[in-house]
Amino acid sequence: MAESEIKCTSLKHSKRVAYICLQMADIMGLSDEEKFDLCSYSLLHDNGLIESFCNFTSEYKLNNVEEYFDMVNFAEHCTIGENNIKDFPFLTSQKNIILYHHENFDGSGLFGKKESEIPIFAQLISFADTLDTNFDLSNICYDKKELILNFVKENEKKLFSKKIVDAYTILSESFLFWGDLEYFDEVNPLEKILPNFTIEVPLESFLSITKIFSKIIDGKSKFTAKHSVDLEEKSLKLVEYFNLDDETKLKIQIASNLHDIGKLGTPNAILDKEGSLTNQELFEIKKHA
């Protein structure tokens, strides 16, 4: 929903990044737990983009989204995104994955990290992000497959490590891989290849997850800024006043964090509008619930 607001890439970009990463991870021998976390990081890799975009557009009146990418300090969305997910209950111990997902193997990325300084998860996300951003993966032919393979090989030890290039060289020969990408909506391949785990998530951990979404929601507009956080704080005062039990307290905090999640699908032109809304705009804003 956030991607549809900032049309910097094709829709479902993060899901395709996750799919490519998981296929690469399988070839590279990552564990099921690592694959599960890699999928989570992939889906969340641009979670700071909407806040960074809205921070910028609140200061500058832009004619189009492309101006934002030309003018903005693009590293900001990496920093915001890393901070947003710091309390996410991952299965494995990783560090600076979101922060360094725009680094290049030769050190020419946003933060100048290179080679082993870049975590392997970040390298994989950067690789998949580069492919999905630069090539239309919804329409595949033999020439395009070869074009992508040549691009990847030409950028060995520049954008990508030899380990990444070698894994992709194997993956590029898979007809299933290309078919899944071309018919992504129809076959929904991500869930099919994602390792299946059943784990107990206590309400405290689930609360940490919902805080991520509340930050994304609140960062969408100057009118929603800190709204979910403020609502959570006020609801806790009511919980204390009515002397409610700890489980109810956690559930109310979770509900407070998620109550406006539907506004991710509401255009900012409506959220940020000064003055009264038209009937059509009222109809759209009511959809968020």
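The values are calculated or read from the model by the stated rules, or taken from the named source; none is laboratory data. Just so you know, these numbers come straight off a predicted model, no measurement behind them. Because the Cβ atoms are built from the backbone with ideal geometry, glycine has one as well, and the counts that use them run over all protein chains shown.
Can you name the number of the only condition in (1) surrounded by 18 or more Cβ atoms within 10 Å (Cβ to Cβ); (2) modelled with pLDDT of 95 or more; (3) under 28 Å from residue 49 (Cα atoms) that residue 167 fails?
(3)
Looking at 88, 69, 53 in this structure, which one is among the aromatic types (Phe, Trp, Tyr), in a loop (DSSP other than H, G, I, E, B) and either surrounded by 20 or more Cβ atoms within 10 Å (Cβ to Cβ) or at pLDDT below 95 (or both)?
On inspection, the qualifying residue turns out to be 88.
Conditions: (1) touching an Asp or Glu at 6+ places or on another chain (Cβ under 9 Å); (2) of a type outside the set (S, T, N, Q); (3) buried (at least 17 other Cβ atoms within 10 Å of the Cβ). Residue 162 meets all but one. Number of the miss?
Residue 162 satisfies every listed condition except (3).
Could you check residue 176 against (1) closer than 20 Å to residue 39 by Cα; (2) touching a residue at least 12 places away in the same chain (Cβ under 8 Å); (3) outside any loop (DSSP other than H, G, I, E, B) and say which number it fails?
Here residue 176 clears every test but (2).
I need every pair where a residue in segment 128-151 that is closer than 18 Å to residue 184 by Cβ has its Cβ under 6 Å from the Cβ of a residue that is not in a helix (DSSP H, G or I), sequence separation at least 6 or different chains.
Hits for this filter: 133/9; 148/135.
Give the residue, chosen from 186, 182, that is within 23 Å of the chain's Cα centre (by Cα), acidic (Asp, Glu), within 30 Å of residue 28 (Cα to Cα) and loosely packed, with under 12 Cβ neighbours inside 10 Å.
186
Right, residue 251: in a helix (DSSP H, G or I) and either hydroxyl-bearing (Ser, Thr, Tyr) or in contact with a Leu (Cβ under 8 Å, 6 or more places away or on another chain) (or both) or not?
yes
A quick yes/no check of all residues on (1) within 30 Å of residue 137 (Cα to Cα); (2) touching a Lys or Arg at 6+ places or on another chain (Cβ under 6 Å); (3) of a type outside the set (Phe, Trp, Tyr); (4) assigned to a helix (DSSP H, G or I):
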site: 196; (1), (2), (3), (4): yes, no, yes, no
site: 228; (1), (2), (3), (4): no, no, yes, yes
site: 262; (1), (2), (3), (4): yes, no, yes, yes
site: 274; (1), (2), (3), (4): no, no, yes, no
site: 282; (1), (2), (3), (4): no, no, yes, yes
site: 289; (1), (2), (3), (4): no, no, yes, no
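Of the conditions (1) under 23 Å from the mean Cα position of the chain (by Cα); (2) closer than 28 Å to residue 249 by Cβ; (3) exposed (fewer than 12 other Cβ atoms within 10 Å of the Cβ), residue 191 satisfies every one except a single condition; which number is it?
Here residue 191 clears every test but (2).
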